[in-house]
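Data first, discussion second: the structure below is written as structure tokens.
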Ligand SMILES: *Cc1c(COP(=O)(O)O)cnc(C)c1O
């Protein structure tokens with residue numbers, strides 16, 4: 001079976017983890033600081049604050065912006081549920097714009113139409129590894145006085161007009177086991193605002209400035225030294241791994257071109273794509289459902305996934321939730337029924353990619 005994702009852990013990780021174990025210091029310390037420093041150099045933001053996972057990094061980002069309680073954060077309806085849960089956890093209300101079917105991200109126009117008096121922040125999601133339309137979000141947020149938070153959990157290193165995602169607003173990255181940069185669990189918040197960075201550090205550590213000096217009601221969002229020891233060698237290899245993802249995506253796109261009813265992913269001019277997922281759309285024109293295609297792929301030993309099968313709020317636990325505003329989002333609704341992600345991870349060989357291509361072509365009778 002060719003899996004939809006796969007991790008590479010080398011001797012560098014083993015050695016650093018051993019170094020941490022032998023040091024006897026497992027809670028946040030010098031290794032975490034080193035990860036923050038190296039990610040800061042790599043991402044080009046002035047401050048990086050490491051936390052325990054990518055969900056609390058969104059919570060911390062929202063809390064550090066001191067948004068009025070109950071105010072609305074406008075985000076994408078087509079995302080992993082953590083985006084929504086973080087807004088609720090931060091005591092804010094979630095509202096949604098609609099997405100663009102090409103970059104799969106929130107559109108600035110839809111945010112403009114739902115944003116109003118109660119809006120305090122806009123939170124685009126850089127889905128699958130391609131940046132959202134950040135120049136437009138940047139100027140929209142600035143002109144309306146809204147904070148800008150980027151859910152960059154899937155997009156480490158992606159650029160929009162030469163700037164890395166996470167550098168436009170307060171950025172939030174996940175280091176979960178399947179992400180492009182991983183430490184099993186982990187998160188990184190990026191900002192160019194020193195006051196926000198200062199609050200992030202307080203929020204992470206019980207609101208504590210100095211020993212037993214509490215300045216706000218905080219959390220324990222700290223990252224462990226073991227997590228940082230896994231992430232550091234991964235960060236050193238991230239550039240090469242991303243190059244391989246780009247190569248894999250290009251090979252898939254060449255091999256899958258010209259199948260009626262199969263829409264291939266597009267890299268928008270002025271942006272780069274780090275290919276966390278290679279996601280196609282199986283449209284009505286194909287005469288097939290994506291479930292049928294996925295079943296055929298499974299029979300042929302190729303893993304695939306539906307990211308995500310429904311708009312994020314389309315579950316009973318969010319219907320009628322006092323902090324969730326549900327409206328109609330026709331593009332997100334349709335796209336969520338069509339998407340199918342194929343393996344693109346850096347451990348795939350060219351022969352694996354050819355197997356994926358042949359299996360997909362077979363599923364469409366397009367050999
Ligand atoms: C993975 C992910 C998160 C949450 O990260 P965790 O580290 O799993 O908590 C948030 N948003 C998106 C879009 C993600 O893909």
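Read the figures in this text as sums done on the coordinates, not as results from a lab. Treat the numbers as computed from the prediction; the structure is a model and nothing was measured. Virtual Cβ from ideal backbone geometry, glycine too; neighbours counted across all protein chains shown.
Which number do you get for Rg(Cα) / (2.2 N^0.38 Å) in region 1-83?
Output field value: 1.48.
Of the peptides 318-326, 49-57, the ranking by mean beta-carbon count within 10 Å, highest at the top, reads 49-57, 318-326. The DSSP beta bridges internal to region 41-165 are antiparallel in roughly 20% of cases.
Principal axis extents of the C-alpha atoms in region 279-367 (largest first, rounded to whole Å): 51, 31, 19. Projected label points at residue 236 and residue 333, each 7 Å from Cα along the beta carbon direction, are separated by 5.1 nanometres.
Between residue 350 and residue 177, the C-beta separation translates, for a Förster distance of 22 Å, into a calculated FRET efficiency of about 0.30.
Legend: Rg and Dmax of the chain, from Cα coordinates, 20.6, 68 Å.
Here the chain carries DSSP beta bridges of which approximately 60% are antiparallel, counting only pairs with both residues inside. Computing FRET efficiency as 1/(1 + (r/R0)^6) for residue 15 and residue 142, where r is the C-beta to C-beta distance and R0 is 41 Å, gives about 0.35.
Residue exposure proxy: 266, 242, 79, ordered by other Cβ atoms within 10 angstrom of their Cβ from fewest to most, comes out as 266, 242, 79. With q set to 0.14 Å⁻¹, the log10 of I(q)/I(0) for region 87-162, from the Debye formula over equal scatterers at the Cα positions, is -0.43.
Given a Förster distance of 51 angstrom, what is the FRET efficiency for residue 300 paired with residue 27, based on the Cβ-Cβ distance and rounded to 0.05? E between residue 300 and residue 27, to the nearest 0.05, is 0.65.
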